[in-house]
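First the structure, in the form of structure tokens, and then the observations on it.
Since every read-out is calculated from the coordinates, none of them should be taken as a lab result. Keep in mind that what you see is a predicted model, and the values were worked out from it rather than measured. Don't worry about glycine lacking a Cβ; one is built from the backbone with ideal geometry, like all the others, and counts go over all protein chains shown.
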Amino acid sequence: MKHLLSAGDLSRDEANLILDTAEEMRSLADRPIKKLPALRGRTVVNLFFEDSTRTRISFEAAAKRLSADVINFSAKGSSVSKGESLKDTALTLQAMGADGVVCRHGSSGAPHLLATSGWMTGAVVNAGDGTHEHPTQALLDAFTMRRHLGSLEGRRVTIVGDVLHSRVARSNVLLLSTLGAEVTVVAPPTLLPVEMRSWPCVTSYDLDAALPKSDAVMMLRVQRERMNDAYFPSAREYTRRYGLDVHRMAQLPDEAIVLHPGPMNRGMEISAEVADSTRSVIVEQVTNGVAIRMAVLYLLLSGSNESNEESNA
Ligand code: CP
């Protein structure tokens with residue numbers, strides 16, 4: 001594995017290797033000294049063209065816990081605002097030395113372009129591109145489910161909400177099906193993408209029918225900033241039909257868990273009582289995100305000096 005661009009690129013063995021490695025990284029969090037020297041001398045560039053709290057900070061924490069040097073780039077406040085292109089931004093950061101690039105971009109396919117253009121020689125990790133994919137989010141979600149439910153083989157996962165604009169949904173459907181889970185996607189018809197017909201999952205418009213058969217339910221953020229009103233009836237109507245409140249949550253089996261990738265619209269797709277309930281693993285997802293990102297950086301970059309020297313020779 002040279003890059004991590006899509007959850008769909010991962011075989012079951014590769015996905016399990018990342019999850020198992022993350023389990024080892026997660027155990028470091030309980031130790032007084034949380035750092036490993038594994039990536040000493042390597043440089044990780046966080047290349048963020050879109051806003052982020054969880055992903056950017058957890059990649060930074062992950063790289064630092066592996067003793068890598070970190071360069072943080074945000075489009076806001078950079079020469080992108082003067083019109084500098086992705087190519088020139090990439091060439092500039094490569095000139096400063098980058099063994100790994102973590103890229104978030106509003107355009108689907110931007111990390112793929114970085115990985116294949118030759119503008120940067122290091123490993124590229126997709127940290128969320130447009131409405132396409134967010135593979136490390138899916139990995140941390142699967143990791144969190146696995147810690148609560150054991151093997152995901154045959155487990156029933158329900159993903160609810162604004163699938164049309166969600167890179168998290170696509171990555172989760174692809175990864176969870178690779179890991180053997182049965183995925184149901186529940187959404188209003190206007191918030192389901194047409195290409196979903198080729199996704200390895202079942203679709204439904206009825207949340208109340210899906211909940212009693214779910215081992216895990218993942219609520220998606222309603223991305224109002226990416227939609228016009230034609231997609232979205234009204235906040236009240238959406239919450240009434242697709243929001244998770246304590247009454248709906250009571251339909252879940254006893255051991256079922258509630259996930260949300262964040263940031264949440266409390267009171268819209270998920271009530272505050274549910275988000276803060278004992279079934280919610282939302283804060284744990286954030287903790288697990290650091291372990292997953294440590295595992296991904298470790299697997300992609302340990303030994304990258306040799307491969308970069310070879311490819312530059
Ligand atoms: N889940 C997620 O990608 O959150 P951020 O946008 O805060 O990184």
*Given +1 on the Cβ of Lys and Arg, -1 on the Cβ of Asp and Glu, and no further charges, what dipole in debye does segment 42-110 carry about its Cα centre, rounded to the nearest 20?*
160
*How many times 2.2 N^0.38 Å is the alpha carbon radius of gyration of the chain?*
0.99
*asked:* Among 280-287, 251-258, how do they line up by average Cβ neighbours within 10 Å per residue, starting with the highest?
replied: 280-287, 251-258
*Give me the Debye-computed log₁₀ of I(q)/I(0) at q = 0.20 Å⁻¹ for segment 169-295, equal point scatterers on Cα only, no solvent, two decimals.*
-1.37
*Using +1 on the beta carbon of Lys and Arg, -1 on that of Asp and Glu, and nothing else charged, what's the dipole of the chain about the Cα centre, debye to 20?*
500
*Given a Förster distance of 25 angstrom, what is the FRET efficiency for Val283 paired with Glu195, based on the Cβ-Cβ distance and rounded to 0.05?*
0.15
*Name the most mobile residue of Arg167, Arg221, Arg240, meaning the one with the largest mean-square fluctuation, in a Gaussian network model of the chain with Cα contacts below 10 Å.*
Arg240
*Could you list the residues of segment 50-88 with an amide nitrogen less than 17 Å from a label point located 7 Å from the Cα of Arg40 in the Cα-to-C-beta direction?*
63-70
*Can you tell me the dipole magnitude for segment 83-215 around its Cα centre, using point charges on the Cβ only (Lys, Arg +1; Asp, Glu -1), in Debye to the nearest 20?*
200
*Put one equal scatterer on each alpha carbon of segment 31-132, apply the Debye formula with no solvent term, and list log10 I(q)/I(0) at q = 0.13, 0.22, 0.23 1/Å to two decimals.*
-0.44, -1.18, -1.27
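At a 10 angstrom cut-off on C-beta neighbours, averaged per residue, how do the peptides 52-58, 200-206 rank from highest to lowest?
My ranking of the peptides, most packed first, is 52-58, 200-206.
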*segment 117-217 - Rg over Rh from alpha carbon coordinates, Kirkwood radius*: 1.02
*Collect residues whose amide H, placed 1.01 Å from N in the peptide plane, falls under 5 Å from the amide H of Ile159; neighbours closer than 5 in sequence don't count.*
Thr184, Val185, Val186, Met218
*Report the FRET efficiency, 1/(1 + (r/R0)^6), for Thr121 and Ala29, where r is their Cβ-Cβ distance and R0 is 25 Å, rounded to 0.05.*
0.20
*Once phi is turned into ³J(HN,Hα) by the Karplus curve 6.51 cos²θ - 1.76 cosθ + 1.60 with θ = phi - 60°, what whole-Hz value does each residue of segment 92-104 show in order, with x for glycine and proline?*
5, 6, 4, 5, 8, x, 9, 8, x, 10, 9, 10, 10
*Rounded to the nearest 0.05, what FRET efficiency do Arg236 and Arg147 have when you use their Cβ-Cβ distance and R0 = 51 Å?*
0.90
*Cα to Cα, under 25 Å, and not fewer than 8 places away if on the same chain: which lysines meet these conditions relative to Lys34?*
Lys64
*asked:* If the elastic network links every pair of Cα atoms under 10 Å, which of Glu237, Glu153, Glu133 fluctuates the most in the Gaussian network model of the chain?
replied: Glu237
*Order these peptides, 241-250, 141-150, by their mean beta-carbon neighbour count within 10 angstrom, highest first.*
141-150, 241-250
*So for the chain, taking the charge dipole from beta-carbon charges (+1 Lys/Arg, -1 Asp/Glu), which of His132, Tyr242, Ser85 sits furthest toward the positive end?*
Ser85
*Per residue, what volume in Å³ does the convex hull of the Cα atoms of segment 234-304 enclose?*
111
